[in-house]
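The values are calculated or read from the model by the stated rules, or taken from the named source; none is laboratory data. Treat the numbers as computed from the prediction; the structure is a model and nothing was measured. Counting neighbours? That spans all protein chains shown, and the Cβs are built from the backbone with ideal geometry, glycine included.
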Amino acid sequence: MTRATEPPREASGHLPVAEQADVRRAALRLLRADRRAFAALLALNALAAGAGLAGPWLLGRIIDDVRSGGGVAAVDRLALVILLCALVQLLLARWARYVGHRFGERTLARVREQFVERTLALPASVVERAGTGDLTARGTADVAMVGATLRDAGPELLIASVQALFILGAVFVINPLLGGCGVVGLVGIWFALRWYLRRARAAYLAEGAAVSDVAEILSATASGARTVEAFGLQEHRVAASREALETSRRTRLYTLFLRSVFFPAVEVSYIVPVAGVLLLGGALHARGAMSLGAVVAAALYLRQLSDPLDTILMRVEQLQSSGASFARVEGLARAPRAGAADSPVPDGDLIDVRDVRYAYDRGGEVLRGIDLTVRPGERLALVGPSGAGKTTLSRLLSGVDRPTSGTVTVGRVPVADLGPEQLRRQVVLVTQEHHVFLGTVRDNLLIAEPSATDPELWAALAAVDAAGWVAELPDGLDTPLGSEALSPDSGSARPGGTAVTDGSQAQQLALARVVLADPHTLILDEATALLDPATARHTERALAAVLAGRTVIAVAHRLHTAHDADRVAVMEDGRLTELGTHDDLVAADGAYAALWRSWHGDGHTHD
């Protein structure tokens with residue numbers, strides 16, 4: 001239940017991004033999920049906008065009444081109505097905002113839950129190729145941007161849109177000619193908006209991708225700091241980080257340029273319809289075709305229009321950014337998914353590899369025509385020089401990757417086609433990297449078997465020699481643990497819980513999860529290679545209990561593992577060159593015999 005540690009690297013490709021049509025369908029699906037709240041939001045905003053229209057119209061009435069000789073009583077009466085309408089608008093607007101925020105938070109919860117479900121359904125190979133930085137950026141910054149839009153920008157945009165439509169409608173009611181003049185005056189905004197929208201989506205998508213690249217490079221460099229130091233890659237990583245930061249800076253500057261052109265053009269465009277209505281209305285009033293109150297009311301309406309238009313245009317700008325974020329979040333729906341939950345049930349535990357070839361995205365073939373059969377209960381060791389393809393083959397056997405050609409089956413069912421639940425019952429890959437998840441000891445174990453009882457949890461801990469130290473924790477199984485494993489590279493656990501005291505305890509929790517998952521086959525990619533000798537010996541004792549009665553395929557860097565195996569498979573340059581028992585291969589005096597003499601001659605002893 002652990003993953004292999006790899007050297008730092010740049011992501012080979014980002015996760016998919018949803019098309020605009022997909023984003024629209026997803027948005028409509030979210031609206032339908034809470035349609036009553038959305039309908040209430042529309043109704044309240046419409047009522048609030050209607051109440052807000054009374055002010056300018058009543059002010060025009062006051063002007064006309066005063067010009068016609070009306071007294072103070074009439075003015076006071078209309079002013080009181082204006083005050084009441086303003087109060088009603090305030091209450092309705094606050095109620096609408098409250099409903100909008102509740103709608104936004106519920107919808108955001110659905111987005112987060114769906115994102116987690118889709119993330120957990122991603123095949124491990126997809127995550128590794130995309131890079132954890134991309135996935136992290138989508139699950140944090142992008143989801144947060146979508147949440148801010150749902151909570152704040154969405155309701156405000158809706159309110160402003162209703163207000164703008166009602167205001168323009170009121171001007172047309174006063175005088176269709178003035179209404180047409182106001183609409184013509186707003187044409188400049190339409191041109192500025194069209195120019196902006198043509199460029200904004202691609203610009204914000206590029207900015208989001210650049211942020212993902214920065215997050216991926218920093219994450220890979222930090223997690224592989226020991227590897228960077230060991231291979232002298234500091235300058236390379238610094239140069240890669242600077243290049244990613246420079247790309248991110250350029251994309252941010254471009255979106256800033258778009259905003260710096262868009263907003264000033266809009267501000268200037270606000271003045272045009274008001275000036276046009278005053279000029280045309282003044283001419284009509286001079287000819288006796290319109291009262292002064294109507295001209296003032298129309299001008300006030302169009303002046304009042306600047307507030308909702310400001311909100312609309314600012315939120316449209318935010319919608320471009322959040323729309324790009326939503327496209328990245330929703331893009332997980334287009335990513336490949338792990339095997340289906342209703343995948344065929346394997347007929348037995350026989351593992352069969354036939355004519356398997358495999359090539360990574362950016363390189364040539366690393367496996368070339370592998371044929372191998374692993375019998376149930378057999379202990380097989382994979383040996384060979386570095387780069388021979390041992391780890392790649394173990395990933396294919398565990399269903400992490402799918403072969404480029406050929407088949408890898410368990411019980412005559414392709415391993416990569418098994419659903420997550422079915423796969424962990426069949427094959428589990430155990431490596432040197434081990435994780436302690438944020439939560440209690442019980443939470444860490446129930447990941448493998450959610451229905452496990454406390455006696456079963458204690459039995460799994462006892463099987464890997466971990467029951468003693470867990471029992472000594474302050475709250476036993478309910479003791480909170482830190483959110484990151486204490487691994488040889490990390491050196492310490494993150495704050496947030498009781499830290500495990502050494503690497504073997506974190507590894508024991510991982511092995512206890514393996515016991516609970518109860519797979520018939522374990523693939524060991526040198527699970528103790530990076531541990532110090534004392535920790536390795538302690539962990540190997542725990543590992544021995546897990547291996548009992550199971551099929552074991554071990555990537556062997558220490559040849560005593562091969563010596564103790566039932567059979568040894570020797571890999572060279574992506575090919576399976578030798579297969580047999582330890583004694584037979586030593587007697588054959590081939591590649592394995594040379595490895596054995598070299599390793600044994602350095603003073604190593606075998607068990």
For this session: Taking LEU135 as meeting all but one of (1) buried (at least 21 other Cβ atoms within 10 Å of the Cβ); (2) closer than 19 Å to GLU330 by Cβ; (3) touching a Lys or Arg at 6+ places or on another chain (Cβ under 9 Å); (4) not β-branched (Val, Ile, Thr), write down the number of the exception.
Result: (3)
Problem set entry | Qualifying position, being under 22 Å from the mean Cα position of the chain (by Cα) and in a helix (DSSP H, G or I), among THR251, THR227, THR311, THR255 | THR251
For this session: Test ALA203 against the stated conditions and say whether it is touching an Asp or Glu at 6+ places or on another chain (Cβ under 9 Å) and at negative phi.
Result: no
For this session: State yes or no: is ALA327 modelled with pLDDT of 75 or more and of a type in the set (A, V, I, L, M, F, W, C)?
Result: yes
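Let's see how each residue does on (1) surrounded by 15 or more Cβ atoms within 10 Å (Cβ to Cβ); (2) closer than 30 Å to ALA225 by Cβ; (3) touching a Cys at 6+ places or on another chain (Cβ under 6 Å); (4) of a type outside the set (A, V, I, L, M, F, W, C):
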{"position": "GLU246", "(1), (2), (3), (4)": "no, yes, no, yes"}
{"position": "PHE263", "(1), (2), (3), (4)": "yes, no, no, no"}
{"position": "VAL272", "(1), (2), (3), (4)": "yes, no, no, no"}
{"position": "LEU284", "(1), (2), (3), (4)": "yes, no, no, no"}
{"position": "ALA289", "(1), (2), (3), (4)": "no, no, no, no"}
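Scanning the stretch 556-588 for residues that are part of a helix (DSSP H, G or I) and modelled with pLDDT of 85 or more, which turns out nearest to LEU380 (Cα to Cα)?
Step by step, filter the stretch 556-588, then rank; the result is HIS582.
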Exercise. Is there a residue being under 30 Å from ALA294 (Cβ atoms), surrounded by 17 or more Cβ atoms within 10 Å (Cβ to Cβ) and out of contact with any Leu (no Cβ under 8 Å at 6 or more places or on another chain) anywhere in the stretch 140-153?
Worked result: no
Seminar exercise, completed: The residue that is modelled with the lowest pLDDT, considering only those in the stretch 45-64 that are within 11 Å of VAL162 (Cα to Cα) and surrounded by fewer than 23 Cβ atoms within 10 Å (Cβ to Cβ), is GLY50
For this session: Could you give me the residue pairs with C-beta distances under 9 Å whose first residue belongs to the stretch 160-177 and is at positive phi, whose second residue is part of a helix (DSSP H, G or I) wherever it lies, and which are 6+ apart or on separate chains?
Result: none
Exercise. Any idea which of ASP465, ASP417 is more than 25 Å from the chain's Cα centre (by Cα), surrounded by fewer than 22 Cβ atoms within 10 Å (Cβ to Cβ) and modelled with pLDDT under 85?
Worked result: ASP465
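Please pick out the residue among GLY369, GLY406, GLY387 that is assigned by TED's automatic domain parsing to the domain that holds TYR592, of a type in the set (Gly, Ala, Ser) and outside any strand (DSSP E or B).
GLY387
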For this session: For the stretch 270-287, indicate whether the set of residues that are outside any helix (DSSP H, G or I) and on the phi > 0 side of the Ramachandran plot is non-empty.
Result: no
Exercise. Counting residues that are among the hydroxyl-bearing types (Ser, Thr, Tyr) and over 26 Å from the mean Cα position of the chain (by Cα), which helices (runs of 4 or more DSSP H) fully inside the stretch 109-221 reach at least 1?
Worked result: 154-174
Exercise. Do we have ALA297 as surrounded by 15 or more Cβ atoms within 10 Å (Cβ to Cβ) and either of a type in the set (Asp, Glu) or in contact with a Pro (Cβ under 7 Å, 6 or more places away or on another chain) (or both) here?
Worked result: yes
Problem set entry | Where LEU284 falls short, out of the listed (1) at pLDDT below 80; (2) closer than 21 Å to ALA144 by Cα | (2)
For this session: Run VAL345 past the list (1) in contact with a strand residue (DSSP E or B) (Cβ under 8 Å, 6 or more places away or on another chain); (2) free of Cβ contacts under 8 Å to residues at least 60 places away in the same chain; (3) surrounded by fewer than 21 Cβ atoms within 10 Å (Cβ to Cβ) and report the number of the one that doesn't hold.
Result: (2)
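Determine whether the stretch 229-244 contains at least one residue that is over 13 Å from GLU207 (Cβ atoms), in contact (Cβ under 8 Å) with a residue 60 or more places away in the chain and surrounded by fewer than 16 Cβ atoms within 10 Å (Cβ to Cβ).
Yes, some residue in the stretch 229-244 is over 13 Å from GLU207 (Cβ atoms), in contact (Cβ under 8 Å) with a residue 60 or more places away in the chain and surrounded by fewer than 16 Cβ atoms within 10 Å (Cβ to Cβ).
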